[in-house]
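Notes to accompany the following structure.
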Amino acid sequence: MLSLWRKIRRTGRVAEPPPPLPEGDRPEGAAVLGGSVQIRHVDAGSCNGCEIEIASAFGPVHDGERYGARLVASPRHADALLVTGVVTRNMAEPLRRTFDAVPAPKLVVAVGDCARNCGVFAGAYGVAGAVRDVVPVDVEIAGCPPRPEAIVEGLRKLTGR
Ligand code: SF4
């Protein structure tokens, strides 16, 4: 136990220094959330590459929570949805229902090229469309997969911190 404490003390803080506040307008409706945004993640048909980067965005190095963004387990506790992947036919209705379960005002972030424009899966037989074809989207984060820095930047547009 003592050796663990020594190791923690020796390692210190590993979080990257915070980059400057992202440029550009905050999405409409974000200001009312007061800088604290609870987020429900929805995998609408991702390959899991985006999920790995989201995990990194909330890990100790990028520490997305320090900007006021927090992942929650239920859409009923959420202010925003973080949607990854192309929307498959099987996930279109669950995504719609999850969106409906989020109390207003609510925001949607489309993470990754699949979520933005179907990416590499465009035209595939099981694809219903991009996220904006199913629910309204407020922020899009480009990349396949997006870097954790880009995900944190997108989340900071919601929190304004
Ligand atoms: S954008 Fe790339 S990493 Fe993300 S779900 Fe699509 S294929 Fe996977």
Answer residue from segment 43-55, given it is part of a helix (DSSP H, G or I) and surrounded by fewer than 17 Cβ atoms within 10 Å (Cβ to Cβ) and is nearest to the ligand (Cβ to nearest atom) among those: Gly49
Pairs under 6 Å by beta carbon, first residue on the phi < 0 side of the Ramachandran plot and of a type outside the set (Gly, Ala, Ser) in segment 70-83, partner assigned to a helix (DSSP H, G or I) and buried (at least 24 other Cβ atoms within 10 Å of the Cβ), six or more apart or different chains? Val83/Ala115; Val83/Val131
Please pick out the residue among Val111, Val137, Val83, Val72 that is modelled with pLDDT of 95 or more, surrounded by fewer than 16 Cβ atoms within 10 Å (Cβ to Cβ) and closer than 24 Å to Gly35 by Cβ. Val72
Given segment 100-161, what strands (runs of 3 or more DSSP E) lie entirely inside it while holding 2 or more residues that are within 16 Å of the ligand (Cβ to nearest atom) and within 15 Å of the chain's Cα centre (by Cα)? 107-111, 139-141
Looking at segment 69-91 only, could you name the residues that are more than 16 Å from the ligand (Cβ to nearest atom) and over 13 Å from the mean Cα position of the chain (by Cα)? Ala73, Ser74, Pro75, Arg76, His77, Arg89
Could you pull out the residue among Ile52, Ile39 that is over 17 Å from Pro136 (Cβ atoms) and within 15 Å of the chain's Cα centre (by Cα)? Ile52
Evaluate segment 20-38: report whether one residue or more is modelled with pLDDT of 95 or more and farther than 13 Å from Lys157 by Cα. yes
Can you tell which of Phe58, Phe99 is under 18 Å from Leu21 (Cα atoms) and either surrounded by 23 or more Cβ atoms within 10 Å (Cβ to Cβ) or modelled with pLDDT of 95 or more (or both)? Phe58
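The values are calculated or read from the model by the stated rules, or taken from the named source; none is laboratory data. Keep in mind it's a predicted model, so treat the numbers as computed, not measured. With ideal geometry, Cβ positions are generated from the backbone for all residues, glycine too; neighbour counts draw on all protein chains shown.
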